[in-house]
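Working notes, structure below.
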Amino acid sequence: MPFVKVATLADVPENSVLEVSVGNDQYAICNVEGSITALSNTCLHQGGPLGQGTIEEGRLICPWHAWEYDCRTGANLDDPTTCVPVYPVKVEGGDILIQVP
């Protein structure tokens with residue numbers, strides 16, 4: 001599976017999240033203290049757009065009902081057995097690339 005450029009580092013300041021699209025799929029690109037990760041954009045609770053949420057202490061918080069996910073693992077903080085998909089990320093120069101299915 002190829003890596004696809006989805007953003008630049010300048011698009012995702014530290015401790016923020018960015019919603020991006022690749023084809024018909026959407027992803028949440030997180031920057032936690034300079035570490036870039038990519039998760040599915042869809043909250044497992046009621047389908048909220050995670051990429052429109054906020055980052056707090058390394059957690060991605062859904063804007064709809066405040067469900068929290070670990071930005072590194074995708075695990076829900078209340079039920080770690082429930083996870084949103086996480087995708088491989090590469091940073092080349094100032095570009096953020098993710099590997100999508």
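When you scan region 50-63, do you find a residue that is of a type outside the set (A, V, I, L, M), under 13 Å from V6 (Cβ atoms) and part of a loop (DSSP other than H, G, I, E, B), even just one?
no
Starting from region 4-22, keep only residues that are in contact (Cβ under 8 Å) with a residue 12 or more places away in the chain and part of a helix (DSSP H, G or I), then list their pairs with residues that are surrounded by 15 or more Cβ atoms within 10 Å (Cβ to Cβ) and not hydroxyl-bearing (S, T, Y) whose Cβ atoms are within a distance under 7 Å, requiring at least 6 positions of separation or different chains.
Here the result reads L9/I96; D11/L18, each pair linking region 4-22 to a residue that is surrounded by 15 or more Cβ atoms within 10 Å (Cβ to Cβ) and not hydroxyl-bearing (S, T, Y).
So, in region 24-46, how many residues would count as being exposed (fewer than 15 other Cβ atoms within 10 Å of the Cβ) and touching a residue at least 40 places away in the same chain (Cβ under 8 Å)?
Summing the residues that are exposed (fewer than 15 other Cβ atoms within 10 Å of the Cβ) and touching a residue at least 40 places away in the same chain (Cβ under 8 Å) in region 24-46 gives 1.
Within region 36-81, work out how many residues are of a type in the set (A, V, I, L, M) and under 25 Å from G94 (Cβ atoms).
Matching residues across region 36-81 total 6.
Restricting attention to region 33-40, does a residue exist that is outside any strand (DSSP E or B) and among the hydrophobic types (A, V, I, L, M, F, W, C)?
Checked against the condition, which is being outside any strand (DSSP E or B) and among the hydrophobic types (A, V, I, L, M, F, W, C), region 33-40 yields no hits at all.
I want to confirm something. Restricting to region 47-93 and keeping residues that are loosely packed, with under 15 Cβ neighbours inside 10 Å and of a type in the set (D, E), which single residue is nearest to D25 (Cα to Cα)?
E92
Where a number appears in this text, it was derived from the coordinates with a stated rule and is not lab data. The model shown is predicted, which means the values in this text are computed figures rather than measured ones. Neighbour counts run over all protein chains shown; Cβ positions are idealised from the backbone, glycine included.
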